[in-house]
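Engineer: Here you go, one structure.
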Amino acid sequence: MSELERELKELIVRALSLEDLKPEDIDSNEQLFVTGLGLDSIDGLELGMAIRKKYGIKPVGSKEEIRAIFATVSSIARFIHSQRAI
Amino acid sequence: MTFRCCAIIPSHNHSAVIGEIVRQLRSDGLAVFIIDDGSDDVHRTVLEAIHSPDGGVTVYRFAVNRGKGAAVIKGVELAIAAGFTHALQIDADGQHDLAQAPAMIAISEAHPEALIAGAPLYDESMPRARRVGRRITHFWVAIETLSIHPADTMCGFRLYPLDRLNAVLKSARVGQRMDFDPEIMVRLIWSGMPVFFVPVRVAYPVGNLSGFALIGDNWRITKMHTRLVFALPWRLRQILRNRRRPAASQDHWAALGERGAYLGLRILALFYRLIGRYGCMAAVFPIAAYFHLTSREQRRSSQLFLRRAYQAQGLAREPGWIDTLRHSLGFARKTVDTFAAWMGDIDPAIVKATDHRTLNNVMADGQGILLMVSHLGNIEISRALLDQAQRSRIKLLVHTLHAQKFARILQQFRPEAAVDTIQVTEVNPGTMIALKEIIEAGGWVAIAGDRTPVTAHERVCRAPFLGHDASFPEGPYLLAHLLECPVYLMFCLRHKGGYRLYFEKFADRITLPRRDKSAAVAQWAARYARRLERYCLIDPLQWYNFFDFWSTTPANAKAGAQ
């Protein structure tokens, strides 16, 4: 598991106050929304804000693209990585 | 889907030239559907003899005369069942120049989404009853579609995409007789269908028995247009959205008719300038009165609202017809005032802020805020009080794409008066971050607090309003939570010939707990409902939510259905 993914899991637990969950309980490839972790759309928005605050990046694109970015911890990590590379 | 075109011919007591029409259409390779609309026996026999399903000609008979519209609709049904994607509608009396059919089909094939309409070049042989009808129609259609068409809508020689036509036929009760041709065209234009006009020669041969009656059909057509015009305010956004998009290419002569986008709104503006704000009001009042009298839903919702408002005001009175009529007329007046505000014709001096200090402080302070607006009073008027710099800081969140495009069109006319809009049917982390940046840059994000989202599954909560639970959107409070910014309310109510602007702080921050978010949101919504209640009781007649506000079905879905 990459350092970035670990950071993200901590961020998810903290930003969304998922008290009963430890960062290591989240699988990097687990679907975050609806199924899997079962986050809702407001959680998604909160997560987006938290990620922007921490990493200073902006996910832009169509609904589908955004959904793909926020699908799993590893997809978010990939996106942050690609943004950093620019 | 592969392009398959057929021909539909409604016929009521026309059979003299039908054989020749069918022969020409067959030589162009078109299957033909003839709807015998209850013709007399002599014509019926001729029509029946043409029936030859194997030879590509189907004749369907109505036992009694049901009207041209009913016949065309039946033809559409048959054509769809037979797997056709497009249909050419042709009159049975031989007035249409079939030599144009191949050209119309070719254009349709290149633009399968478009309506291809014959634009007649008339000669003097046109009977008087028709000329009168056409003049009535020209006038109304220009108003209804907010554009001057290069051709008219009464010519029954046209080529429809069947799926879209069918959808429109299913969504509205369209005139069944001679009112069908113009009405369906207007409704198709409303639905966003592009139109290509093809000049066609039309002749009225001497002795021709056109089925058009001077009194009956002209009355029917006037009635039909009246009906369409009263549906107009509710269609306005959609029409403006769809109206005359610039043609994809100007390479075809038929595309010439596509020029002059936005001409209609300019004409409306000109009309406004010519007869002025009060002239416009005088023109709009009878329309509003008629709509009021014919729309039971509007009267009922008005009565329900006023009854509850009067109760809350402690008035022991039942709203009578005069109250609900005044309510509707107030809405007409609001529409004109809105236009005046767009045109920059509202004198800032007539708009008085009740709390200048708060407004000026927030403006001067340069902080970003979430601004909750409503359909009480006329928020557009507030533009007059805001200078251009301030206006440019406002971003209005709208629930539908229509409203957004509408605002963009507006921008083309008066860029300096425009307020940016952002569509929020789809709020994703991307748009959220964009909003956050607007707030951080000192922008004002405006959102309506009294309309629930378009789709039913979205976040709605119930809160007491005038003594009964009503649906309110959760969106504004969730946004406020995510944006971490102060929330203000703004109302603008007509008052003694001028306007009063109310601007007040709703919350410094709205922070929702992790758990029981919905309960917390409901509390905020209830608080908002109390403020809305207070302001609407200042003058209940300025409440412009003409639907059952306490209904549990989403408001926009209902408003959209109107």
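Engineer: Can you confirm whether B:Arg44 is more than 25 Å from B:Met185 (Cα to Cα) and either surrounded by 15 or more Cβ atoms within 10 Å (Cβ to Cβ) or not assigned by TED's automatic domain parsing to the domain that holds B:Ile189 (or both)? Break it down into steps so the answer makes sense when it comes.
Structural biologist: Details: more than 25 Å from B:Met185 (Cα to Cα): yes; either surrounded by 15 or more Cβ atoms within 10 Å (Cβ to Cβ) or not assigned by TED's automatic domain parsing to the domain that holds B:Ile189 (or both): yes.
Spelling it out, B:Arg44 is indeed more than 25 Å from B:Met185 (Cα to Cα) and either surrounded by 15 or more Cβ atoms within 10 Å (Cβ to Cβ) or not assigned by TED's automatic domain parsing to the domain that holds B:Ile189 (or both).
Engineer: So, of the residues in the range A:48-60 that are more than 7 Å from chain B (Cβ to nearest Cβ) and part of a helix (DSSP H, G or I), which turns out to be surrounded by the most Cβ atoms within 10 Å (Cβ to Cβ)? Spell out the reasoning first.
Structural biologist: Start the filter on the range A:48-60 by keeping residues that are more than 7 Å from chain B (Cβ to nearest Cβ), which leaves A:50-51, A:53-57.
Retained after the next criterion (residues that are part of a helix (DSSP H, G or I)): A:50-51, A:53-55.
Values: A:Ala50: 17, A:Ile51: 24, A:Lys53: 12, A:Lys54: 13, A:Tyr55: 17.
Only one residue fits best here, namely A:Ile51.
Engineer: Could you count how many residues in the range B:312-358 are part of a strand (DSSP E or B) and among the β-branched types (Val, Ile, Thr)? Spell out the reasoning first.
Structural biologist: Within the range B:312-358, the subset part of a strand (DSSP E or B) is B:351-353.
Those left that are additionally among the β-branched types (Val, Ile, Thr): B:351.
Summing the residues that are part of a strand (DSSP E or B) and among the β-branched types (Val, Ile, Thr) in the range B:312-358 gives 1.
Engineer: Give the number of residues within the range B:456-502 that are assigned to a strand (DSSP E or B), within 14 Å of chain A (Cβ to nearest Cβ) and free of Cβ contacts under 8 Å to residues at least 60 places away in the same chain.
Structural biologist: Number of matching residues: 1.
Engineer: Just checking, how many residues over the range B:360-376 are of a type in the set (Val, Ile, Thr) and farther than 15 Å from B:Ile394 by Cβ? Outline the logic, then answer.
Structural biologist: Initial filter on the range B:360-376 (of a type in the set (Val, Ile, Thr)): B:362, B:369, B:373.
Pick out the ones that are also farther than 15 Å from B:Ile394 by Cβ and you get none.
Number of matching residues: 0.
Engineer: Quick check on the range B:411-434: of everything there that is within 14 Å of chain A (Cβ to nearest Cβ) and out of contact with any helix residue (DSSP H, G or I) (no Cβ under 6 Å at 6 or more places or on another chain), which residue is modelled with the lowest pLDDT?
Structural biologist: Of the range B:411-434, the ones within 14 Å of chain A (Cβ to nearest Cβ) are B:422-434.
Add one more test, that the residue is out of contact with any helix residue (DSSP H, G or I) (no Cβ under 6 Å at 6 or more places or on another chain), and what stays is B:422, B:424-425, B:427, B:431, B:434.
Details: B:Ile422: 66, B:Val424: 60, B:Thr425: 56, B:Val427: 64, B:Thr431: 73, B:Ala434: 77.
Among them, the one singled out is B:Thr425.
Engineer: Which of the residues that make up the range A:61-86 are more than 11 Å from chain B (Cβ to nearest Cβ) and in contact with a strand residue (DSSP E or B) (Cβ under 9 Å, 6 or more places away or on another chain)?
Structural biologist: Scanning the range A:61-86 gives a single hit, A:Ala71.
Engineer: Quick one: would you say B:Leu501 is in contact with a Ser or Thr (Cβ under 9 Å, 6 or more places away or on another chain) and of a type in the set (A, V, I, L, M)?
Structural biologist: Numbers: in contact with a Ser or Thr (Cβ under 9 Å, 6 or more places away or on another chain): yes; of a type in the set (A, V, I, L, M): yes.
So B:Leu501 fits the description; yes.
Engineer: In the range A:17-44, what residues are within 14 Å of chain B (Cβ to nearest Cβ) and at pLDDT 80 or above? Show your work before the answer.
Structural biologist: If we filter the range A:17-44 for residues that are within 14 Å of chain B (Cβ to nearest Cβ), which is where we start, we get A:17-21, A:32-34, A:39-44.
A:Leu21, A:Leu32 - these are the residues of the range A:17-44 that are within 14 Å of chain B (Cβ to nearest Cβ) and at pLDDT 80 or above.
Engineer: A further question follows. Got at least one residue in the range B:507-527 being assigned to a strand (DSSP E or B) and more than 12 Å from chain A (Cβ to nearest Cβ)?
Structural biologist: Yes, the conditions are met somewhere in the range B:507-527.
The values are calculated or read from the model by the stated rules, or taken from the named source; none is laboratory data. Predicted, not measured: the structure shown is a model, and the values here were computed from it. We place every Cβ from the backbone using ideal geometry, glycine too, and count neighbours over all the protein chains shown.
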